[in-house]
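The block underneath contains the structure these notes are about, expressed in structure tokens.
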Amino acid sequence: MSSPHVAPTQAVIRRVFIAQLGLLAAVGVLFLIGLVYTQHLGSFPFSFLAGCLGGSISLLRRLKRESQTVLEQLASSWVSSLMPVLYGGLMAAVAYVLFMSGILTGDGGQGLFTSNLFPNFTEPEQGDGSLLSVPVILKLRPESVKDFGKMLVWCFLSGYSEKFVAGILQSLEERTGGKGQ
């Protein structure tokens, strides 16, 4: 006899599988674009996609533990099924900005949180008196292949674990004494 969880679970798994295929295709396209336009492709899209992949794997792992009601809600629409995937990408984007801004820094960094586990980012010169521009932002990237790998791991983790980025933001708030309130 089959479990009542099977039909909604299979619907969600199919949707997440399709989303993961789309994510992998997007990574492939980004690599091809990167081969042609090496100076113009930043590392942000890769971090966003890593977070989406982390969110999708987290959702798949949670399906066995979810109640029938939650499974039916997830299976009821594409938006419900794919929201955790998008949320994972958004959390990875926040993690990327934390790395890019220098709040989370690698070895020898001056950030609020410094660890050899975090990636170091480049600091491109902006020119005298010029305003910040998209090309300057795109030149901000991990310093080495090792740093790029660290960034991808952390962005995947931030998509996989909903508490990771929220915990960092809470720590930042506590360090500043809640002055934002």
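The values are calculated or read from the model by the stated rules, or taken from the named source; none is laboratory data. Note that the structure is a prediction, hence the values are computed from the model and not measured. Counting neighbours? That spans all protein chains shown, and the Cβs are built from the backbone with ideal geometry, glycine included. Accessible surface areas use protein heavy atoms only, side chains included; no ligands, DNA or RNA. Shrake-Rupley method; radii C 1.70, N 1.55, O 1.52, S 1.80 Å.
Laid out as a table, the results:
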item: Flag for Gln73 being out of contact with any Cys (no Cβ under 8 Å at 6 or more places or on another chain), open to solvent by 80 Å² or more (accessible area, probe 1.4 Å), closer than 25 Å to Lys163 by Cα and among the polar types (S, T, N, Q); result: yes
item: Qualifying residue in region 58-66 (condition: part of a helix (DSSP H, G or I), more than 17 Å from Ser158 (Cα to Cα) and open to solvent by 20 Å² or more (accessible area, probe 1.4 Å)); result: yes
item: Ser43 being closer than 12 Å to Phe156 by Cβ, under 16 Å from the mean Cα position of the chain (by Cα) and touching a residue at least 12 places away in the same chain (Cβ under 8 Å); result: no
item: Qualifying position, being open to solvent by less than 50 Å² (accessible area, probe 1.4 Å) and not in a helix (DSSP H, G or I), among Gly89, Gly42, Gly51; result: Gly42
item: Filtered residues of region 152-162 (kept if closer than 16 Å to Arg61 by Cα and either open to solvent by 40 Å² or more (accessible area, probe 1.4 Å) or in a loop (DSSP other than H, G, I, E, B) (or both)); result: Phe156, Leu157, Tyr160, Ser161, Glu162
